[in-house]
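The values are calculated or read from the model by the stated rules, or taken from the named source; none is laboratory data. Please read these numbers as outputs of a predicted model, since none were measured by experiment. Glycine gets a Cβ as well: all are built from the backbone with ideal geometry, and neighbour counts include every protein chain shown. Calculation scope for accessible area: heavy atoms of the full protein, side chains included, ligands and nucleic acids excluded. Shrake-Rupley method; radii C 1.70, N 1.55, O 1.52, S 1.80 Å.
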Amino acid sequence: MKAVRIHEFGGPEVLKYEDAPDPVLRKDQVLVRVRACSLNHLDLWARAGLKGITFPHILGSDVAGEVVGTGEYVTDLKLGTRVLLSPMYFCNHCEQCMAGHQNFCPQFAVLGNTVDGGNCELIAVTREKVIPIPDSLNFVDAASVPLVFLTAWHMLLGRGHLRAGQTVLVLGAGSGVGSAAIQISKMLGAEVITTAGDERKLAKARELGADHTIDHYKQKIADEVRRITNKRGVDIVFEHVGIATWPDSVRSLKPGGTLITCGATTGYEAQLDLRVLFAKQLSLLGSYMGEMGELHEVLKHVFSGKLKPVVDRTFPLSETRAAHEYLAKSEMFGKVVLTV
Ligand SMILES: [Zn+2]
């Protein structure tokens, strides 16, 4: 098969479009012909250097495609079924997996990080990671969904227990997780304040349902949040940016508010005044991926059309390098997707 592989860590130039061996299908696995695979910031981190990767390695966490083979033990999937894949790899037999907490499994990995992913034509995965999609969803849209919608759902509900009537500050409306978080928060009846770096992105954020927008290059986020909330602050801050926004994120919380973070694209050594933490009785929560039950739950809303995939643009698999370079510039609104 054709695949994009890395044989060393480095910049976009280490991505090689080349021939690779077809995966060997085990009796408990499903073979999927990949049709689309979306990019995430995780791809850039993994390409630059991630513990646990062995070379050659195939990146790519978000896969949609067609079933082209099933092992002997898989009896409920027809060839040709259109599917997306769970972006998570887990053992499916440990205590955490059995309790539904797959993201606490000792063997947990994001697909394409320490296990080979979907930047290729064929991938073999176990049955529970294969989820059929409706005819109304094309492969590009389907591939843009799993990781970011799961991450946003777990942050806002699993971790943040978001309720109708609360106010959420979603940082980075143009990112995949940001555009998912705006939609999920609105669907659940929250008021949404969001940020982006130019008017085009702010307009798109309002189209997705954001009630208030802040241009983070022209306006001070925390000051604007104070003004919008009548000095109250927000119930939840949805963080994934890191040190560039951290001080404003903490300042934007109301007393008793909750900050949830799933990433740090601008750097991770943030500072915190502990007096603010205890005096305002804040909660600072980490979040990583989510649970399979949550993935099925959020996908129901995508399949029914309530939550919409947001795709910025596509690149063919052979131009994965250009796609990585484009993602790194953060000019997109929504997801960048490879077609295979
Ligand atoms: Zn497990």
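With respect to the conditions (1) within 30 Å of ILE6 (Cα to Cα); (2) away from the ligand (no atom under 16 Å from the Cβ); (3) open to solvent by 20 Å² or more (accessible area, probe 1.4 Å), VAL145 falls short on a single one, namely (3).
A single entry from VAL115, VAL140 fulfils the requirement of being within 16 Å of the ligand (Cβ to nearest atom) and under 28 Å from LEU31 (Cα atoms): VAL115.
Taking the stretch 33-69 as the range and being among the polar types (S, T, N, Q) and open to solvent by less than 50 Å² (accessible area, probe 1.4 Å) as the test, the residues that pass are SER38, ASN40, SER61.
Taken over the stretch 91-112, the residue count meeting the criterion of being over 17 Å from the mean Cα position of the chain (by Cα) and either open to solvent by 20 Å² or more (accessible area, probe 1.4 Å) or more than 9 Å from the ligand (Cβ to nearest atom) (or both) is 13. May I ask you to verify whether VAL241 is farther than 22 Å from LEU44 by Cβ and either surrounded by 18 or more Cβ atoms within 10 Å (Cβ to Cβ) or modelled with pLDDT of 95 or more (or both)? When the stated conditions are applied, VAL241 does not pass them. Scan the stretch 259-272 and give yes if some residue there is assigned to a loop (DSSP other than H, G, I, E, B) and crowded, with 22+ Cβ neighbours inside 10 Å, otherwise no. Checking the stretch 259-272: not a single residue is assigned to a loop (DSSP other than H, G, I, E, B) and crowded, with 22+ Cβ neighbours inside 10 Å.
Within the stretch 87-108, is there a residue that is hydroxyl-bearing (Ser, Thr, Tyr) and part of a loop (DSSP other than H, G, I, E, B)?
Looking through the stretch 87-108, none of the residues is hydroxyl-bearing (Ser, Thr, Tyr) and part of a loop (DSSP other than H, G, I, E, B).
Filter the stretch 297-340 for residues that are open to solvent by 70 Å² or more (accessible area, probe 1.4 Å) and either modelled with pLDDT under 95 or within 15 Å of the chain's Cα centre (by Cα) (or both) and give the result.
Hits for the stretch 297-340 are LYS308, LYS329, GLU331.
Residues that are in contact (Cβ under 8 Å) with a residue 24 or more places away in the chain, among the hydroxyl-bearing types (Ser, Thr, Tyr) and more than 16 Å from the ligand (Cβ to nearest atom) occur in the stretch 65-72; there is at least one.
Here is the figure for the stretch 183-236: residues that are in contact with an Asp or Glu (Cβ under 9 Å, 6 or more places away or on another chain) and of a type in the set (A, V, I, L, M, F, W, C) total 11.
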